[in-house]
Structure formats: C-alpha cells, structure tokens
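Nothing in this text is a laboratory measurement; each read-out follows from the coordinates by a stated rule. Just so we're clear, the structure is a prediction, and the values are computed from it rather than from any experiment. Every residue, glycine among them, receives a Cβ derived from its backbone with ideal geometry; neighbour counts consider all protein chains shown.
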Amino acid sequence: SRKHVIAVGQLGPIMLAESKAEAVDRMIAMLREAHAQGAVWIVFPELALTTFFPRYIYETPEEYDRFFEEGLPSPAMRPLFAEAARLGVGFYLGYAEKVAEGGRMRRFNTSILVDRDGTVAGKYRKVHLPGTSEPVLKADFEHLEKRYFEVGDLGFNTFDTSIGRIGMCICNDRRWPETFRVMALQGAEMFMLGYNTPTRNIHHPEPAHLREFHHRLSIEAAAYQNGAWVFASAKCGAEDGFAMIGGSAIVAPTGESVARTAGEADEVICHNCDLGLGDYIRRTVFDFGRHRRIEHYGLITAT
Ligand code: ING
C-alpha cells in the first residue's frame, strides 16, 4: 500500500494589524511540528497570509492591494518555501494572487501545491466565489469576494506530485459536488482545500451550528462519493472579533473523518494515510466507467 503521513495546519485568527511575516512564521512552526511527526505534506488554509479581508469594504485597489501577493514565490512566501524544501515537506497554500495577464491586472483567490523539493506542482484559482460584489450592509461585516476576485480561469485540474495525484479547491467550492467529480474524473486520489467560514451568516438568520454541520457534510460526502482523501484546513477563531469556524479535518475515502482539530487556534493534525484505501470504492460502487450514465446528466452543464 502507498502510505504517507499527511498533515493539516490549521491557522487561528490573523488580525488586520498582523504582518504577513508573522503569519508565515506561524506556518513554519506548524510545518516543523508536522515534519517532526513524519509528515511529508501539510495543507494550510485559504488566504493564509492575511486576515479574511473580504469582510471589509474597500473602494480602490490602492486600499486592498496590500493583501495580495505578486510573483511565485512572492517575497512573503520565500521563507516558507525555503524551510519546506529544507525539510522535504510539500504543502498546499492559499493566498490572494495579483498578476498581470492579458494586458491587465488580474486578482484571484488562489491556491498552489509546492512539492517536497520546493517546485510549484500546480495552481488553482477559486471558481465558486460566494457573497456579493456590493455591500449588503445587513451586519457589521460583509462577504465581498466577488468584489475583490475574478472567477478562476484555470478550471478544476489534478496535479501529479511525489506523493500522488492531487486535486485542489478553495472554501465555497467544497459545497458544490461538481467540483470534486470533475477532478475525480481526472484521477484525483486526494483533494486539498483551505477555507475561511464566518460563523455568522449575513444573508439569512441561520443557526450557527449549521455552519459546522454543512462544512463537515460537504467534505465527508465529497470523499466518499469520489473515493478520495480530503484534507480541509481552516483559518478560524475571531479575527478582530469576527468569528470563523474551525473543524479542520482529514477525511478517508470511506467518508469518515479520521482526524479533526480540537480548537480554533494554530493546530497540526496528522494521519498516516493509505492512498490505496479509495481503490475499492472507485473499482466498485463508484466505478465511473461502468456505472455513470452521462446521457442523463446534460442539465448539469446547462444554464
Ligand atoms: N467562505 C464561506 C464558505 O463557503 C459561505 C462562505 C459560508 C457561503 C456558508 C455559504 C454558506 O465556507 C468562503 N470563503 O467561501
């Protein structure tokens, strides 16, 4: 069997006043802790270098560009890249990407996979952007991802790495089953994702416990229905008073969470994952070639 110790490095709150260097130092500490437990890979959250800034209203790029990274690795990322390569640990990292493409500045909610030798194995740009582009002014915070980011233009892909074939997504993507099926059809053995999920819903008076339930329901269903491991890493706790859920988890291809974080601070969880565990699921119940009937699925790609 192909077994690898894989870690999730959950980040507690990053305050607005906190520097990217401080956030990177916290991630380096967790990377070292994971390495000490034999981990060969660690999954960090979405937008892991800064506070979750889409909760605030900014008018111009001059006001919000400080949250973005330019270059890969960006200057702020370099110490993390260096330490990870020194220890031979691969990682998933979520960050705000600013790049000149097609003759103009583009901004995306992005994640990368960096292999154990420090090379970038893949990039993903968040497709399902939740919230609004204009403030709703219904609470003391917003959810303005559609204001600050473009819809990802790279699609859902899988990436061959030294530990296996990995699919990536980000936060809200995990609520959409299409996300995982498209990558499972490309042979993803593992899905890695980061998230920042506010505890309060500003669009509907929803009980807080449902945030945690829907998060867990989404990643456990994704794992089972695609016979793949899911590694979900939260940035959580109260960022300047704005609470976000924890619940980082490692989910086996059977759909069962085998590890979960206990709190809402920086926390490393590890599991010795048998990547072969999903094989029987994709050979029996979810043998896509034998059982799928695409002639009846057309509506999924219709408007
Ligand atoms: N955050 C939340 C998420 O999808 C959200 C936003 C929460 C949307 C709950 C709908 C319901 O987990 C991000 N960053 O997508």
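If each residue of separation counts as 0.36 nm, what is the full-extension length gain between Asp153 and Ala265 once their alpha-carbon separation is subtracted? Walk me through the numbers before you get to the answer.
Numbers: separation 112, 0.36 × 112 = 40.32 nm, distance 3.27 nm.
Extra length available between Asp153 and Ala265 comes to 37.0 nm.
Give me the count of lysine pairs in the chain whose alpha carbons sit under 16 angstrom apart, restricted to pairs 8 or more positions apart or on different chains.
Working: Lys20/Lys98; Lys20/Lys235; Lys98/Lys123; Lys98/Lys126; Lys98/Lys146; Lys126/Lys146.
For the chain, qualifying lysine pairs total 6.
I want to make sure I understand the PRE zone here: with the label point 7 angstrom from the Cα of Arg104 toward its beta carbon, which residues in the stretch 32-76 have backbone N atoms less than 17 Å away?
Taking a point 7 Å out along Cα→Cβ of Arg104, the residues of the stretch 32-76 whose backbone N falls under 17 Å are 60-62.
With a point put 7 Å past each Cα toward its Cβ, work out how far Glu206 is from Arg86 in nm, to one decimal.
4.2
Report the trypsin sites (Lys or Arg not before Pro) located in the stretch 50-154 that are in a DSSP loop and have at most 15 other Cβ atoms inside 10 Å of their Cβ, or state none. Before the final figure, lay out the partial values.
Values: sites: Arg55, Arg66, Arg86, Lys98, Arg104, Arg106, Arg107, Arg116, Lys123, Arg125, Lys126, Lys138, Lys146, Arg147; in loops: Arg116, Lys126, Lys138.
Here the trypsin sites (Lys or Arg not before Pro) that fit, given the DSSP loop and packing criteria, are Lys138.
Exactly which chymotrypsin sites (Phe, Trp or Tyr not before Pro) in the stretch 213-303 are in a DSSP loop and have at most 11 other Cβ atoms within 10 Å? Let's see the in-between values first.
Details: sites: Phe213, Tyr224, Trp229, Phe231, Phe242, Tyr280, Phe286, Phe288, Tyr297; in loops: Phe286, Tyr297.
Loop-located and lightly packed - Tyr297.
If neighbour count is taken as other Cβ atoms inside 10 Å, put His143, His128 in order from fewest to most.
On the way: His143 22, His128 18.
Going from least to most buried by this count: His128, His143.
If the only charges are +1 at each Lys and Arg Cβ and -1 at each Asp and Glu Cβ, what is the size of the charge dipole of the chain around the Cα centre, to the nearest 20 debye? Walk me through the intermediate numbers first.
Working: 34 positive and 39 negative charges, 178 e Å.
Approximately 860 debye in magnitude.
Please arrange Thr51, Thr284 by counting, for each residue, the other beta carbons lying within 10 Å of its beta carbon, fewest first. Before the final figure, lay out the partial values.
Numbers: Thr51 21, Thr284 11.
The order, fewest Cβ neighbours first, is Thr284, Thr51.
Counting other Cβ atoms within 10 Å of each Cβ, which GluC sites (Glu not before Pro) in the stretch 1-66 have at most 13 and sit in a DSSP loop? Before the final figure, lay out the partial values.
Values: sites: Glu18, Glu22, Glu33, Glu46, Glu59, Glu62, Glu63; in loops: Glu18, Glu46, Glu59.
Qualifying residues, ordered by number: Glu59.
As I understand it, the dipole of the stretch 185-239 uses +1 on the Cβ of Lys and Arg and -1 on the Cβ of Asp and Glu, about the Cα centre. Which of Ala232, Pro207, Phe191 lies farthest toward its positive end?
Value computed over the given set: Pro207.
What is the gain in length, in nm to one decimal, between Leu137 and Ser162 on full extension, counting 0.36 nm per residue of separation less the C-alpha to C-alpha distance? Before the final figure, lay out each step's value.
Numbers: separation 25, 0.36 × 25 = 9.00 nm, distance 4.66 nm.
Net length gain for the segment: 4.3 nm.
Let's test the formula: R0 of 41 Å, r as the Cβ-Cβ distance of Val120 and Leu16. What FRET efficiency results, to the nearest 0.05?
Working: r = 29 Å, r/R0 = 0.70.
After rounding to 0.05, the efficiency reads 0.90.
Using the 10 angstrom Cβ neighbour count as an exposure proxy, how do Leu113, Leu93 rank, fewest first? Mind showing how you got there, number by number?
Numbers: Leu113 22, Leu93 29.
Ascending number of Cβ neighbours within 10 Å: Leu113, Leu93.
For Phe213 and Asp287, compute 0.36 nm times the residue count separating them, minus their Cα-Cα distance, and round to one decimal in nm. Don't skip to the answer; put the middle values down first.
On the way: separation 74, 0.36 × 74 = 26.64 nm, distance 2.82 nm.
Full extension of this stretch gives 23.8 nm more.
Taking every pair of alpha-carbon atoms in the stretch 3-302, give the share separated by more than 38 Å as a whole percent. Mind showing how you got there, number by number?
Numbers: 3878 of 44850 pairs.
The answer is 9 percent, as a whole percent.
May I ask you to order 188-197, 162-171 by the average number of other C-beta atoms within 10 Å around their residues, highest value first?
Numbers: 188-197: 27.3, 162-171: 24.0.
Listed from highest to lowest mean packing, they are 188-197, 162-171.
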